[in-house]
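Some notes on the structure that comes next.
The values are calculated or read from the model by the stated rules, or taken from the named source; none is laboratory data. Please read these numbers as outputs of a predicted model, since none were measured by experiment. With ideal geometry, Cβ positions are generated from the backbone for all residues, glycine too; neighbour counts draw on all protein chains shown.
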Amino acid sequence: MMSKAITIAEAQRYDAHTTNEIGIPALVLMERAALATFNNILNDDFDLSRVVVVAAVGNNGGDGIAVARLLHIRGIDVEVYLLGDPDKATPQTQQQLKIANYYHIPFTTDLNHVVNATVIIDAIFGVGLSREIHGKFADAINAINAADAKTVAIDVPSGINADTGEVMGVAVVADSTVTMAYNKIGLLTATGKRHSGTVHVADIGIYAQDRLEHAR
Ligand SMILES: NC(=O)C1=CN([C@@H]2O[C@H](COP(=O)(O)OP(=O)(O)OC[C@H]3O[C@@H](n4cnc5c(N)ncnc54)[C@H](O)[C@@H]3O)[C@@H](O)[C@H]2O)[C@@H](O)CC1
Ligand SMILES: [K+]
């Protein structure tokens with residue numbers, strides 16, 4: 001299997017090419033990212049009795065809120081712990097919030113629910129992390145790390161700089177990470193590896209070159 005790791009700039013460039021030049025809508029990519037994460041969670045040997053998705057309002061959060069919806073529809077007990085101002089959410093994440101509202105997916109503001117979860121989905125920051133983490137974002141990451149739960153990070157363990165592997169103040173220590181399209185170079189450093197756990201690279205339809213391969 002080809003293994004390639006990319007930078008944040010490359011991830012952003014390939015994403016933009018796929019949506020702007022090729023024309024695959026961002027919400028389609030988000031749904032594929034969510035389905036890949038959902039399938040990973042179902043296929044792993046997890047206790048799904050209390051799942052909490054910790055999401056911020058960027059597209060990483062949107063991926064997580066979509067995962068919450070897929071789990072909820074499947075009858076799994078899932079709550080969302082939302083960080084940040086929903087009015088500042090990306091258009092895709094606003095749409096995910098609207099869909100979650102339609103399904104009456106429970107939202108919690110109680111960090112104890114994070115600490116007492118059996119599975120935590122980390123959807124706080126992906127490749128958009130741009131500064132040191134403080135305040136309620138840091139509190140949530142500390143709660144995730146204090147929990148006994150299995151933790152699955154979406155794209156990048158939140159707090160890890162996907163280019164350097166550096167901890168931006170505080171970072172999620174995940175059991176596994178479902179990273180989109182390609183691995184990220186920061187996840188290959190010693191610190192990056194320690195925080196990402198087992199890395200699964202998910203094909204969500206984003207490629208460095210337009211991929212045309214015959215099915216085998
Ligand atoms: N763009 C695309 O085509 C796709 C993106 N996807 C997901 O989207 C992610 C990237 O989304 P975004 O670019 O929206 O970025 P993120 O969701 O990673 O984070 C950006 C948000 O976090 C805030 N932020 C950054 N550092 C912060 C800090 N230290 N404290 C508080 N807030 C902070 C930013 O202001 C912004 O609101 C990927 O990692 C992936 O999970 C997937 O949905 C697949 C497709
Ligand atoms: K994340």
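Some observations on this one:
- Residue list for segment 17-38, restricted to those being among the hydrophobic types (A, V, I, L, M, F, W, C) and exposed (fewer than 13 other Cβ atoms within 10 Å of the Cβ): 22
- Every residue from segment 2-59 that is touching a residue at least 40 places away in the same chain (Cβ under 8 Å), out of contact with any Gly (no Cβ under 9 Å at 6 or more places or on another chain), assigned to a helix (DSSP H, G or I) and of a type in the set (D, E, K, R): 10, 15
- The lone exception for residue 166 - which of (1) surrounded by fewer than 21 Cβ atoms within 10 Å (Cβ to Cβ); (2) within 12 Å of the chain's Cα centre (by Cα) it fails: (2)
- Counting only residues that are among the β-branched types (Val, Ile, Thr) and within 18 Å of the chain's Cα centre (by Cα), segment 106-121 holds 5 of them.
- Condition check for residue 120: aliphatic (A, V, I, L, M), within 16 Å of ligand 2 (Cβ to nearest atom), modelled with pLDDT of 95 or more and not in a loop (DSSP other than H, G, I, E, B): yes
- Qualifying residues in segment 51-70 (those that are surrounded by fewer than 24 Cβ atoms within 10 Å (Cβ to Cβ) and among the hydrophobic types (A, V, I, L, M, F, W, C)) - the one nearest to ligand 2 (Cβ to nearest atom): 57
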